Amino acid sequence: MIINIKPHEREIFRTIGDTAAKLGYPAYVIGGFVRDRLLARSSKDIDIVCIGDGIKLAEQLSYKLRPIPRIAIYKRFGTAMLKFKDLEIEFVGARKESYHFDSRKPAVEEGSLEDDQNRRDFTINALAISLNEEDFGHIVDPFNGLIHLEQKLLKTPLEPGKTFSDDPLRMLRAIRFSAQLGFSIDPETYAAIGRNRNRIKIISAERISSELQKILASPQPSAGFIKLFETGLLSIIFPELYALHGVEIKNGVGHKDNFYHTLEVVDNVSKDTDNIWLRWAALLHDIAKPPTKKFDEQIGWTFHGHEVLGAVMVPRIFKMLRLPLDHKMKYVQKLVRLHLRPIGLTKEEITDSAVRRLLFEAGEDIDDLMLLCKADITSKNTDKKTRYRENYAKLKSKIEELEERDKLRNWQPPITGEIIMKTFNIGPSKEVGVIKTAIREAILDGIIGNNFEEAEALMYAEASKLGMKKKEG
Ligand code: ATP
Ligand code: MG
């Protein structure tokens with residue numbers, strides 16, 4: 001395997017090696033950086049482990065660099081971090097760890113390189129590159145990490161049950177790496193995740209959320225979510241998503257498995273976008289199907305109102321998963337709430353006013369909503385699929401045509417509340433709202449044109465209905 005290290009990285013590695021030698025410390029690059037470079041992935045974080053004092057090594061190194069970088073020292077962890085050009089380099093002394101059952105924070109003592117490699121989560125994350133004079137650039141690979149990289153395999157260095165019980169976050173990391181890198185998980189390692197699934201409860205919601213984000217950001221997120229499901233982790237960390245699984249049959253009528261459907265939608269949308277929040281919208285678009293499910297003797301299974309209840313559930317889920325409760329959440333909510341609208345339209349005539357309304361409600365997120373809807377077409381029935389696709393294309397061109405005509409994205413009616421208040425010399429009041437709404441609705445319905453003159457005329461007409469007169473002078 002070829003390791004591709006850039007010239008400025010080689011230069012700093014030499015300097016680190018020389019500095020460490022003067023202190024009498026053997027030093028190595030270890031972990032993620034080595035793995036990523038062997039896989040030709042980019043990475044800016046470099047971890048250096050030395051047999052000695054990591055903070056001292058960082059300090060001594062900093063004097064040799066120009067300009068002298070500032071170092072952040074974390075005494076409690078015995079680590080130091082400095083930035084050099086585009087790199088973030090972290091220094092630590094090699095350590096040996098022992099765990100207590102209640103915590104993923106180990107007791108730590110000084111150790112050898114081997115001790116330090118033993119405490120790593122996967123064989124491919126335990127690879128080290130020597131920075132020492134006698135074997136500079138040599139790869140230290142005690143657990144066949146190089147072979148596992150070739151085999152695209154995730155495997156723990158030690159007995160997997162112990163590795164996962166010590167720090168249950170590693171179970172999520174296994175699944176996350178497998179999704180990110182397209183690797184499989186060694187069967188014994190995988191089985192140990194299932195056995196230790198309940199240990200995940202000692203992991204903080206923030207850490208769980210950060211791994212979920214990485215799974216969702218991976219090229220084919222379903223690969224990760226299916227593993228979360230199979231190992232039993234999903235039902236613990238994300239019960240609402242787990243609840244989508246399964247098919248109920250009544251009078252011989254079933255419905256689709258909404259878990260696998262959702263994952264298909266997520267994969268579909270992921271082919272079109274890296275926008276993580278659009279991916280979240282796909283993951284949550286049918287989240288309220290279980291609580292809205294009913295069986296109707298005439299029409300079979302229904303999920304009426306799942307888009308509305310789904311939007312209501314979004315804040316709770318974001319809170320539980322420590323996701324941001326800001327405009328990103330609002331965006332996800334909006335897409336969940338509107339996800340049926342485009343396809344709903346295509347069933348009947350796609351009237352101008354229906355499309356205008358959709359454009360007005362979706363605003364600048366209309367393109368994302370359309371991507372979500374396209375991704376949501378997963379029917380196995382090819383006739384149905386073709387029909388949906390054709391309708392979708394029709395709607396899309398209609399949107400473009402109307403937008404060109406009306407410029408409805410980010411649209412605001414030509415008469416504002418300000419104008420109404422000035423014209424009639426009144427303050428903020430119910431009347432202002434009534435007139436504004438009447439104008440907006442008339443434009444959206446195509447009763448009047450989207451221009452100032454017609455809107456102004458309607459303003460006067462509506463005002464006179466309310467007994468209001470124009471300000472004199
Ligand atoms: P990424 O940066 O993509 O999250 P990474 O493997 O580089 O992946 P880091 O959190 O940067 O992960 O950690 C760097 C290295 O530290 C890892 O490669 C691994 O060797 C080790 N490591 C990190 N977290 C753990 C853990 N929970 N258990 C054991 N070793 C870990
Ligand atoms: Mg890293």
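The values are calculated or read from the model by the stated rules, or taken from the named source; none is laboratory data. Given the structure is predicted, the values throughout are model-derived calculations rather than measurements. Glycine also receives a Cβ, built like all others from the backbone with ideal geometry; neighbour counts cover every protein chain displayed. The area values use the complete protein model at the heavy-atom level, side chains included, leaving out ligands, DNA and RNA. Shrake-Rupley method; radii C 1.70, N 1.55, O 1.52, S 1.80 Å.
Some observations on this one:
- Plainly put, the range 152-237 has a radius of gyration that is 0.92 times its Kirkwood radius, both from alpha-carbon atoms, as the Rg/Rh ratio.
- Using the Cβ-Cβ distance between Leu87 and Lys201 with R0 set to 41 Å, the FRET efficiency from 1/(1 + (r/R0)^6) comes to roughly 0.65.
- Residue (of Ala393, Asn410, Thr378) at the positive-pole extreme of the range 378-418, dipole from beta-carbon charges: Thr378
- Cα-based reach from Lys465 at 16 Å (exclusive), listing aspartates and glutamates while leaving out same-chain residues under 8 positions away: Glu431, Glu456
- Values of log10 I(q)/I(0) for the range 7-151 across q = 0.10, 0.11, 0.14, 0.21 Å⁻¹ run -0.32, -0.39, -0.64, -1.41, by the Debye formula with one identical scatterer at each alpha carbon and no solvent.
- Inter-label distance for Gln220 and Ser42, nm, one decimal - labels placed 7 Å from Cα along Cα-to-Cβ: 2.5 nm
- Ranked by the mean number of other Cβ atoms within 10 Å of their residues, highest first, the peptides 412-425, 157-170 come out as 157-170, 412-425.
- A 1.4 Å probe run over the protein chains yields, for the chain, 50 Å² of accessible area per residue, whole-number rounding.
- Length-normalised contact order of the range 355-473 in % [C-alpha pairs under 8 Å, at least 6 apart]: 26 percent
- With a cut-off of 20 Å on the backbone N, the residues of the range 17-57 near the modelled label site 7 Å out from Glu134 along Cα-Cβ are 17-30, 49-53.
- Computed E for Glu400/Lys328 - FRET, C-beta separation, R0 35 angstrom, nearest 0.05: 0.85
- Over the range 417-465, all Cα pairs binned in 5 Å intervals from 0 give whole-percent P(r) values of 5, 23, 35, 23, 11, 3, listed from short to long.
- If R0 is 35 Å, the Cβ-Cβ spacing of Ser103 and Ser235 corresponds to a FRET efficiency of close to 0.90.
- Taken over the chain, the alpha-carbon convex hull comes to 224 cubic angstrom per residue.
- Its DSSP H runs of at least 4 residues, each contributing -39,500 (n - 2.57), put the calculated 222 nm mean residue ellipticity of the chain at -16000 deg cm²/dmol, to the nearest 500.
- With the highest mean first, a sort of the peptides 403-411, 337-345, 313-321, 69-77 on other beta-carbon atoms found within 10 angstrom per residue produces 337-345, 313-321, 403-411, 69-77.
- Measure of compaction for the range 103-218 (Cα Rg per 2.2 N^0.38 Å): 1.12
- Taking 0.36 nm per residue of separation and subtracting the current Cα-Cα distance, fully stretching the chain between Thr378 and Lys162 would add 73.6 nm.
- Point-to-point label distance, Lys430-Gln213, nm (Cα→Cβ direction, 7 Å offset): 4.6 nm
- Taking every C-alpha pair closer than 8 Å and separated by at least 6 residues, the mean separation divided by the residue count of the chain gives a relative contact order of 8 percent.
- Annotation note: GluC sites (Glu not before Pro) in the range 180-287 located in DSSP loop regions with a Cβ neighbour count of at most 12 within 10 Å are Glu248.
- Working value for the range 284-416: equivalent-ellipsoid semi-axes of 25, 23, 13 Å, each the square root of 5 times a Cα gyration tensor eigenvalue, largest first.
- Arg95 sits among other residues whose Cβ lies under 10 Å from its own Cβ, and their net charge, with Lys and Arg +1 and Asp and Glu -1, is -3.
- Net length available on complete extension from Phe452 to Thr386 is 19.6 nm, with 0.36 nm assigned per residue and the Cα-Cα distance removed.
- Cα shape, the range 191-280, gyration tensor, a/c 1.5 rule: oblate
- Looking at the chain alone, DSSP beta bridges between its own residues are antiparallel in about 75 percent of cases.
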